[in-house]
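Here is the structure we will look at, set down as structure tokens.
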């Protein structure tokens, strides 16, 4: 009988500790004030299920910020990311919810500033030389102008939300190389991948200089690029051109969300 009582006591004790720890975890998540900023890769273009209130910003309930808040139930969630956004759009239109109580910010930005859409259009419609020339122009922009624009955005975030943990998400590699695939030449695919990596490196450097965390999604997207057996990115879609080269719902949930989970 004494052994039974001791066992019951120990079981109850561990159960109480477990409930307390679970409650602490919930309280911690409930105390997070999360603001999601950025461009179409953060709004969820390509994932479908866009909210009616977001209009042309195309904020998706399958985008990684929405999925994160659904899983963690933060105290507040402001989904500000917008399709087509450049750095000045973030500053002018997205920073309103940030304040001293903001504890988590995520953002992907820079691709539109560097002319991502025009690069892809040129590479799809032009020859190899046209593509390489346009990419060279984009890389020059990444060297000369993008760092300053990123600094302006990152400084504005820090000024409005000085206590926030900021996670800067990068862009994936677009193509699996060395495979037989209809569409762009291997030369174009390789140059596009190199350009994405070049931009990611520039973004990561500016993020680090501001004390932000850079989330590299190239690792999670590895094996799921266009021309792979199970791509998480849309290839060119002439019936819905805006979704071309954007993550699918699977790319958001399995490519972007795990990176935010690890970094947040």
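A few remarks follow.
- Unmet criterion (only one of (1) surrounded by 19 or more Cβ atoms within 10 Å (Cβ to Cβ); (2) under 22 Å from residue 116 (Cα atoms); (3) touching a residue at least 24 places away in the same chain (Cβ under 8 Å)) for residue 59: (3)
- Hey, residue 188 out of contact with any strand residue (DSSP E or B) (no Cβ under 7 Å at 6 or more places or on another chain) and buried (at least 22 other Cβ atoms within 10 Å of the Cβ) or not: yes
- Options 211, 148, 170, 183: the member that is closer than 20 Å to residue 113 by Cα and in contact with a strand residue (DSSP E or B) (Cβ under 9 Å, 6 or more places away or on another chain): 170
- In the set (1) surrounded by fewer than 22 Cβ atoms within 10 Å (Cβ to Cβ); (2) out of contact with any strand residue (DSSP E or B) (no Cβ under 6 Å at 6 or more places or on another chain), residue 114 fails one condition alone, (1).
- On the stretch given as the range 117-126, residues that are free of Cβ contacts under 8 Å to residues at least 60 places away in the same chain and touching a helix residue (DSSP H, G or I) at 6+ places or on another chain (Cβ under 8 Å) total 3.
- Selection status of residue 220, assigned by TED's automatic domain parsing to the domain that holds residue 122, touching a strand residue (DSSP E or B) at 6+ places or on another chain (Cβ under 9 Å) and within 30 Å of residue 76 (Cβ to Cβ): no
- Filter result for residue 97 (surrounded by fewer than 17 Cβ atoms within 10 Å (Cβ to Cβ), in a loop (DSSP other than H, G, I, E, B), in the same structural domain as residue 229 (by TED's automatic domain parsing) and in contact (Cβ under 8 Å) with a residue 60 or more places away in the chain): no
- Filter result for residue 188 (out of contact with any helix residue (DSSP H, G or I) (no Cβ under 8 Å at 6 or more places or on another chain) and in contact (Cβ under 8 Å) with a residue 60 or more places away in the chain): no
- Counted residues, the range 138-166 - those being surrounded by fewer than 21 Cβ atoms within 10 Å (Cβ to Cβ) and in a strand (DSSP E or B): 1
- Filter pass, residue 249 being touching a residue at least 12 places away in the same chain (Cβ under 8 Å), over 28 Å from residue 147 (Cβ atoms) and in the same structural domain as residue 116 (by TED's automatic domain parsing): yes
- Top-ranked residue of the range 127-137 - restricted to ones that are part of a helix (DSSP H, G or I) and without any contact (Cβ under 8 Å) to a residue 24 or more places away in the chain, ranked as surrounded by the most Cβ atoms within 10 Å (Cβ to Cβ): 134
The values are calculated or read from the model by the stated rules, or taken from the named source; none is laboratory data. What you see is a predicted model, and the numbers here were worked out from it, not measured in a lab. We place every Cβ from the backbone using ideal geometry, glycine too, and count neighbours over all the protein chains shown.
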